[in-house]
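A short worksheet on the structure shown next.
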Amino acid sequence: MNVSVSAGSYPNGSAGFHHTAPTQQFLLFGQEGSLFAVELITVREVLCLNDQSISPIPNALPFVLGLTNLRGEILAVGDFGRLIGAEPVDTQHSHSRILVIEAPEPQDVSLRVMRMGLAVSQVEGVLSLNTEEIVSAVEVSEELAPLLKGLYDSEGRLVMILDVEAIAQSDRW
């Protein structure tokens, strides 16, 4: 059986073969007027911050808000604002959220993932990004640079793409 495809088979004159840009879904959130994103696949769930009881940890670093019990699982919760050297998250604001994120456990390979909570000012939604358009981050703060995978221009809005593994392995915990 012979099969042939003619270049005139499609209205644009192509044979129907084209390169599709790799897209990936990201959770978009705001902090102090800036936009950040994490890969959606790393987000287990999003919680309302002021509905979640957080117990402070004595002598913990300022970034660590404390521990919370999420259906029997104890999670450390960090303040994203303090992590990046910005204003702390308003824990009483109705828009503040906890992103429950998962990253590979660097210290114990027998554990599949490490879960942690990251308090953020607000969640904006899910955005599909062309990963080929993420560019390296230049001229960002010293606190933020090691946590970034890159920058993305989303319809004129600058989005900072975070590296969840770098956050999980940060010595600021």
Quiz item: Would the stretch 44-51 turn up any residue that is among the β-branched types (Val, Ile, Thr), without any contact (Cβ under 8 Å) to a residue 24 or more places away in the chain and under 25 Å from residue 158 (Cα atoms)?
Solution: no
Self-check item: So residue 123, is it open to solvent by 20 Å² or more (accessible area, probe 1.4 Å) and either among the polar types (S, T, N, Q) or modelled with pLDDT of 95 or more (or both)
Solution: yes
Self-check item: Check on residue 120, out of contact with any Gly (no Cβ under 6 Å at 6 or more places or on another chain) and closer than 14 Å to residue 27 by Cα
Solution: yes
Practice problem: Among the residues of the stretch 22-48, count how many are open to solvent by less than 70 Å² (accessible area, probe 1.4 Å), outside any strand (DSSP E or B) and under 16 Å from residue 102 (Cα atoms). | Solution: 2
Quiz item: In this structure, is residue 131 of a type in the set (Val, Ile, Thr), open to solvent by less than 60 Å² (accessible area, probe 1.4 Å) and either more than 17 Å from the chain's Cα centre (by Cα) or farther than 22 Å from residue 44 by Cα (or both)?
Solution: no
Self-check item: Test result for residue 37, at pLDDT 95 or above and of a type in the set (Gly, Ala, Ser)
Solution: yes
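The values are calculated or read from the model by the stated rules, or taken from the named source; none is laboratory data. No experiment lies behind these values; they were computed from the predicted model shown. Because the Cβ atoms are built from the backbone with ideal geometry, glycine has one as well, and the counts that use them run over all protein chains shown. For the accessible areas, the whole protein counts, side chains as well, though only heavy atoms, and no ligand, DNA or RNA atoms are used. Shrake-Rupley method; radii C 1.70, N 1.55, O 1.52, S 1.80 Å.
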